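Q: Please find one structure pasted underneath; my questions will follow.
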Amino acid sequence: MMAPDTIIQTHMPQKTVAVAAAPGGRDFTAMLALFVGSGAAALIYQVVWFQILSLVIGSSTVSLGVLLGTFMGGMCLGSLLLPRFVSTAHHPLKVYGVMELAIGVIGLLVLLVVPLIGGLYTAWAGTGMFSMILRSIVAAICLLPPTLLMGATLPAVARWVETTPKGVSWLGFFYGGNIAGAVIGSLAAGFYLLREHDVMIATFAAVGLNAIVGVAALLLARSAPYEPAAAGTSEIAAVNAWPIYLGIGISGMTALSAEVLWTRLLSLLFGATVYTFALVLAVFLTGLGIGSSLGAAIAQRLTRPRLAFGWCQLLLVAGITWTSYVLSAWMPYWPVNPSLATSPWINFQLDLARCLFAVLPPAILWGASFPLALASIAAPGQDPGRLVGRLYAANTVGAIIGSLFASLLLVAWIGSQKSQQLLIISAAISGIIVLASERGPKAKGLAAQLMPAIAVLIAVFLARAVPPVPGLLIAYGRYAATWIGQNDIFYSGEGLTSSVAVSRTPNGVLNYHNAGKVQASSEPQDMRLQRMLGHLTTLLPANPRSVLVIGCGAGVTAGATSVDPAVTHLKIAEIEPLVPEVVSRFFSQHNFSVVTNPKTTIHLDDARHFILTTDEKFDAVTSDPLDPWVKGAANLYTQEFFEAVKGRLNPGGVVTLFVQLYESNLDAVKSEIGTFLEVFPNGSVWANTVEGQGYDLVLVGSVEPLRIDVDAVQRKLEQPEYAVLAQSLAEIGMTSAVDLFATYAGNSTELAPWLQDAQINRDRNLRLQYLAGMGLNLYQADAIYQDMVRHASYPEQLFTGSPETLARLRDAVWRNRGR
């Protein structure tokens, strides 16, 4: 029962109110199994839909925020609308079964509709507010229908139980079962369905689960008792329910904000692969499921569940502090070296254990909050569907606010440390609000009066204990402990989409860090690759007036293109606003101050979204994105993306692409090269070696067959206006055109036997990110390179020039390969 001062009995207008009992043993077990299946299907859909829609509207933080907001907003609306439009006269299990079947049908339709909507979107989309509106419309068309039904499933089944604290506690078990299924779905999608198959197979698996759940629910409805009450039944309304709605809303806000913040930190600590995101999501959901089940079991035995709910929120103050402290003060310094593992699965085990250690305690408390809040406002005679729908909607609204604010505002504005401190204070406020409503206006005693002030003081004290995110973690991520005290990390910052750092070695080498690793540096081998990538981009086309650079990074590649006097317009597509600012401040002497060059225009957006929606065409495009194992980066390596880039080339245009051999594996490298050469059959591979050993590659593609006049390039380098470009090449050990083109390492014809088993990276499977995610801790660069170049020969048809020049070039090509 609820406290007497929080309930007022009122006679409501005559209506039909459901009369149901707590489910029996068999019915309970059956429904629990159905909710497990439903939860698994829902998470598979979520992963699949976010993947295919991010390909259409972009993978920027804004796009993902729109997708997440629409997804959760649909679930919120569904929970509110079902009680209003579906009569209690219908058997709840029949309603539930029909909705599950409908979700399956819509799941299939999404696969058919997205390509059509994507075509319309890319034809109209641009930048600014208009683009935001179009992105929201696309997300709403695709996500609102199924998510409305998903959000309505729990309120529908809620009408099968009594609206008493004990009765609605059964819903906590169903909610926990649903979350358990979500854990299974997230792991199945991340580690099997999308890794081994594609979005179609994953969707079929989810549809199959929906069909099984829907049919089983309809069959169960035949034997499960349910009778609507006669009209005129009195209903008891909990008029003091607003503190519970507010408390569960704040709880949802802190939960989703924390998930966003901690996923970002853990992706630095474990590596930002699809597997890390699946693991973190699974652990978070596991905690919610455990907490929901515990909360449901406790609620059945409580006479004052509101008190328990309030204390659960206050305990979250300690729980959030625990995780925030562990992730920044302890884990980066644990003596862990992932490269020592003999298998990626060993690292997954370690990551899982660390994630459970850090995240599970507060997740359990958030999970327990919902059934305790539900028991706090339940009273006999209420429509359970309306009761659950309102509470679920309040929780979801808070979750939407939390996720959007954390991803789009808080981190870039005040940083992870202050954001986590804000969550601690918010949890304390939630607990105080709930407990104040439990005490009521007649509460007396000094302790009772001082409790809110004491709770706030404790929360402030614990919040102050949250340390800032270490620059060492931002710079070196999963290898942080192995770099303690070695380099001077003199800048670190948290941006909108990623965290970046700049460090200096004792001998003066500058490093640019993103995604928890060095992405570019002034080391000779890195400068060689970056300059080589940029200069090949502009020296191969006949007239490279307009150039697009995908990924700013340290700006060295973009700077190399900018010093070509033929280039008059240079556009850089960069997803993280912080990168150009950092680059312009710290790497200007290495990148020819490209960011402030009058030729340069910075376009802050997902490069794929820019390519798909722009009308511009370019004489040359060069791409140097983040490592392919970083979640979302594989979008820039798909067959469809390369086709889109090809469509943006002017006649005679050239596209170049960076491919790393280090921190990768043979399957991932083959996938990158095989996919690129599938689109550019005239393409070729060029190698950046270090002391004769493989390090990384540059791929060159063109629509027309490429013919390189070596003597003409040499004459160009000798012209006064090309003095800066020639000096740039000389600084990396290339004093002539022969030195540059001696890096040739193969073409599509020569490498065809080697690429026979290459897995093509397509939009529907994004295979590369799953392959690369298995190799991020490997160092097999030279073995991969030697395996590749044993198939390559000297390309007689690629180069033209004087016999003397071609003879020197032929010798240099073989010499570079150690032959």
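Q: If we sort 136-146, 150-160, 378-388, 641-651 on the protection proxy, mean other Cβ atoms within 10 Å, highest first, what's the order? Display every interim value, and only then the final one.
A: On the way: 136-146: 20.8, 150-160: 28.1, 378-388: 22.9, 641-651: 17.5.
Going by the mean number of other Cβ atoms within 10 Å, highest first, we get 150-160, 378-388, 136-146, 641-651.
Q: Might you work out the accessible area of ARG478 for me, using a 1.4 Å probe with all protein chains in place, and round it to the nearest 10 Å²?
A: 10 Å²
Q: Counting each pair of different Cα atoms once, what's the Kirkwood radius of region 729-819 in Å, rounded to one decimal? Don't jump to the answer; show the numbers that get you there.
A: Values: mean 1/r = 0.0639 Å⁻¹.
The answer is 15.7 Å.
Q: Relative to the present Cα-Cα distance, how much length would full extension add between LEU116 and LEU356 at 0.36 nm per residue of separation? Mind dumping the intermediate values first?
A: Numbers: separation 240, 0.36 × 240 = 86.40 nm, distance 4.15 nm.
Additional length available on full extension: 82.2 nm.
Q: Shifting gears a bit: Given N residues in region 294-436, what is its alpha carbon radius of gyration divided by 2.2 N^0.38 Å? Present the calculation step by step, with values, prior to reporting the outcome.
A: Numbers: Rg = 18.5 Å, N = 143, 2.2 N^0.38 = 14.5 Å.
Taking N as the residue count of region 294-436, the ratio is 1.28.
Q: Given that compact globular proteins tend to follow 2.2 N^0.38 Å, what is the ratio of the alpha-carbon Rg of region 748-796 to that value? Intermediate results must be reported in sequence, preceding the final value.
A: Working: Rg = 13.3 Å, N = 49, 2.2 N^0.38 = 9.7 Å.
Working it through for region 748-796, the quotient is 1.38.
Q: Another one. How do the peptides 743-749, 57-63 rank, highest first, by the average count of neighbouring beta carbon atoms within 10 Å per residue?
A: Working: 743-749: 21.3, 57-63: 24.0.
The packing order, highest mean first, is 57-63, 743-749.
Q: Using just the C-alpha positions of region 238-342 as equal point scatterers, what log10 of I(q)/I(0) does the Debye formula give at each q in 0.16, 0.17 1/Å?
A: -0.86, -0.93
Q: Select from PHE610, ALA206, TRP686 the residue farthest towards the positive end of the dipole of the chain; place +1 on Cβ of Lys and Arg, -1 on Cβ of Asp and Glu, and compute about the Cα centre.
A: ALA206
Q: Also: Taking the inverse of the average 1/r across all pairs of different Cα atoms in region 27-127, what Kirkwood radius in Å do you get?
A: Numbers: mean 1/r = 0.0632 Å⁻¹.
When all Cα pairs of region 27-127 are included, the Kirkwood radius is 15.8 Å.
Q: If you don't mind, another one. By average Cβ neighbour count within 10 Å, what is the ranking of 687-696, 301-310, 427-436 from highest down? Could the numbers behind the result be given before it?
A: Details: 687-696: 18.5, 301-310: 21.3, 427-436: 24.0.
Per-residue mean Cβ counts within 10 Å order the peptides as 427-436, 301-310, 687-696.
Q: Using the Kirkwood formula on the Cα atoms of region 656-785, what hydrodynamic radius do you get, in angstrom to one decimal? The partial results should precede the final answer.
A: Numbers: mean 1/r = 0.0623 Å⁻¹.
Hydrodynamic radius (Kirkwood, Cα pairs) of region 656-785 is 16.1 Å.
Q: Over the chain, calculate the relative contact order: mean separation of alpha carbon pairs under 8 Å at least 6 apart, over the residue count, as a percent.
A: 14 percent
Q: On the full set of protein chains, 1.4 Å probe, figure out the accessible area of ASP615 and give it in Å² to the nearest 10.
A: 140 Å²
Q: Which value results for Rg/Rh of region 470-556 when Rg is the Cα radius of gyration and Rh the Kirkwood radius based on the inverse mean 1/r?
A: Working: Rg = 15.2 Å, Rh = 14.3 Å.
Taking Rg over the Kirkwood Rh, I get 1.07.
Q: For region 777-819, what size does the Cα cloud have along each of its three principal axes, sorted from largest down, in whole Å?
A: For region 777-819, the Cα spread along each principal axis is 45, 17, 15 Å.
Q: Give me the compactness ratio for region 500-644, meaning the Cα radius of gyration over 2.2 N^0.38 Å.
A: Working: Rg = 14.5 Å, N = 145, 2.2 N^0.38 = 14.6 Å.
In units of the globular-protein estimate, region 500-644 measures up at 0.99.
Q: Per residue, how large is the accessible surface of the chain? Use a 1.4 angstrom probe and give square angstrom.
A: Working: 29880 Å² over 819 residues.
Per-residue accessible area for the chain comes out at 36 Å².
Q: Turning to a different aspect of this structure: Hey, what do the phi angles of region 701-718 turn into as Karplus ³J(HN,Hα) couplings, whole Hz, using 6.51/-1.76/1.60 and θ = phi - 60°, x for Gly and Pro?
A: Whole-Hz 3J(HN,Hα) from phi for region 701-718: x, 8, 6, 8, x, 8, 10, 9, 8, 5, 5, 5, 5, 5, 4, 5, 5, 8.
Q: How many angstrom lie between the C-alpha centres of region 711-745 and region 598-639?
A: Here the answer is 27 Å between Cα centres.
Q: Tell me the angle of helix 199-223 to the major Cα principal axis of the chain, expressed in degrees between 0 and 90 and rounded to the nearest ten.
A: So the helix axis and the longest Cα principal axis differ by about 10 degrees.
Q: Roughly how tilted is helix 524-539, in degrees to the nearest 10 and between 0 and 90, from the longest Cα axis of the chain?
A: 80 degrees
Q: Please report the carbon-and-sulfur percent of the accessible area for the chain; probe 1.4 Å, protein heavy atoms only, DNA, RNA and ligands left out.
A: Carbon and sulfur atoms account for 63 percent of the accessible area of the chain.
The values are calculated or read from the model by the stated rules, or taken from the named source; none is laboratory data. Please read all numbers here as calculations on a predicted model, not as lab measurements. Quick reminder, even Gly has a Cβ in these numbers, built from the backbone with ideal geometry, and neighbours come from all protein chains shown. Please note that ligands, DNA and RNA were not included when accessible areas were found on the heavy atoms of the full protein model with its side chains. Shrake-Rupley method; radii C 1.70, N 1.55, O 1.52, S 1.80 Å.
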